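Coordinate-derived values only; no laboratory data. Since this is a predicted model, take the numbers as computed values, not measurements. All Cβ positions, glycine included, derive from the backbone under ideal geometry; neighbour counts span all protein chains shown.
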Amino acid sequence: MMLGAAIGALFNGWLSFRLGRKYSLMAGAILFVLGSIGSAFATSVEMLIAARVVLGIAVGIASYTAPLYLSEMASEKRSR
């Protein structure tokens with residue numbers, strides 16, 4: 001999972017600027033769903049590892065994009 005997270009964070013900078021923050025988060029959410037389904041229905045160790053790598057990529061995407069998206073959506077005059 002850590003390998004997938006590193007891969008996801010590494011390539012998500014390009015993806016986030018190319019597609020935008022919103023669509024990048026949607027892509028991460030789709031990968032979360034696919035990785036979860038793959039983990040739940042894995043019939044072999046290799047299939048489980050592949051699903052965990054997909055989940056790691058989703059974690060990398062979310063950990064890179066979510067803070068950027070939230071900072072862009074927050075108003076300038078927060079709590080003042």
Considering only the stretch 7-24, state which residues are surrounded by 19 or more Cβ atoms within 10 Å (Cβ to Cβ) and farther than 10 Å from T65 by Cα.
-> G8
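Per-residue answers, yes or no, for (1) surrounded by 15 or more Cβ atoms within 10 Å (Cβ to Cβ); (2) over 20 Å from M73 (Cα atoms); (3) free of Cβ contacts under 8 Å to residues at least 40 places away in the same chain; (4) of a type in the set (D, E, K, R):
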site: A5; (1), (2), (3), (4): yes, yes, no, no
site: M26; (1), (2), (3), (4): no, no, yes, no
site: L31; (1), (2), (3), (4): yes, yes, yes, no
site: F41; (1), (2), (3), (4): no, yes, yes, no
site: S44; (1), (2), (3), (4): no, yes, yes, no
site: V53; (1), (2), (3), (4): yes, yes, no, no
site: G56; (1), (2), (3), (4): yes, yes, no, no
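Would you mention how many residues in the stretch 23-70 are among the β-branched types (V, I, T) and closer than 15 Å to A9 by Cα? Talk me through it step by step, then tell me what you get.
Restricting attention to the stretch 23-70, the residues satisfying the condition of being among the β-branched types (V, I, T) are 30, 33, 37, 43, 45, 49, 53-54, 57, 59, 61, 65.
From the residues that got through so far, the ones that are closer than 15 Å to A9 by Cα too are 53-54, 57, 59, 61, 65.
Residues that pass the stated criteria total 6.
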Going by the structure shown, is A66 within 11 Å of the chain's Cα centre (by Cα) and surrounded by 13 or more Cβ atoms within 10 Å (Cβ to Cβ)?
-> yes
